[in-house]
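Down below is the structure, laid out as structure tokens.
Please treat every number below as a calculation from the coordinates, not as lab data. Keep in mind that what you see is a predicted model, and the values were worked out from it rather than measured. Positions of Cβ are backbone-derived with ideal geometry, glycine not excepted, and every protein chain shown enters the neighbour counts.
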Amino acid sequence: MSPAIEDGDVITVEPVAEDPVKQGDIVLYHSRFDTAVIHRVIRLERSPSERCIVTRGDAASHNDVPGSWGGSDELSGSASGSKW
């Protein structure tokens with residue numbers, strides 16, 4: 001997540017409020033590989049039956065692989081800080 005979050009930075013993660021996350025938010029989720037990931041929301045995709053959150057690390061050149069996490073059901077929280 002460099003340059004927004006550097007190694008050793010301390011961040012605060014708060015439960016996601018009833019308001020949905022929005023583009024630009026930094027979120028914590030659990031990947032299907034059973035790891036915690038903090039990435040930025042790139043865009044929200046909606047269909048009549050579901051919502052998909054597309055994420056990417058700031059230092060990454062590609063979006064996270066679709067299906068690498070379960071979407072909003074796996075969303076653990078939203079990061080808060082003054083740097084971003």
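Step through the residues of region 45-61 one at a time and calculate ³J(HN,Hα) from phi using the Karplus curve (6.51 cos²θ - 1.76 cosθ + 1.60, θ = phi - 60°), rounding each to whole Hz and writing x for Gly and Pro.
Once rounded to whole Hz, the list reads 10, 10, 10, x, 9, 7, 10, 10, 9, 9, 10, 7, x, 4, 8, 8, 9.
Under 5 Å between amide hydrogens, which residues at least 5 positions from ARG43 or on another chain qualify, with H placed 1.01 Å from N in the peptide plane?
Those lying under 5 Å, H to H, from ARG43 are VAL54.
What's the percent breakdown of Cα-Cα distances in region 9-58 across 10 Å bins, shortest bin first?
Going out from 0 Å in 10 Å bins, region 9-58 shows 22, 55, 22, 2 percent.
Starting from the amide H of SER76, placed 1.01 Å from N in the peptide plane, find each other amide H under 5 Å away whose residue is 5 or more places distant or on another chain.
LEU28, TYR29, HIS30
Determine, for each peptide in 23-30, 10-17, the mean count of other beta carbons within 10 angstrom over its residues, then list the peptides with the highest first.
Working: 23-30: 17.5, 10-17: 11.1.
Top to bottom by mean Cβ count within 10 Å: 23-30, 10-17.
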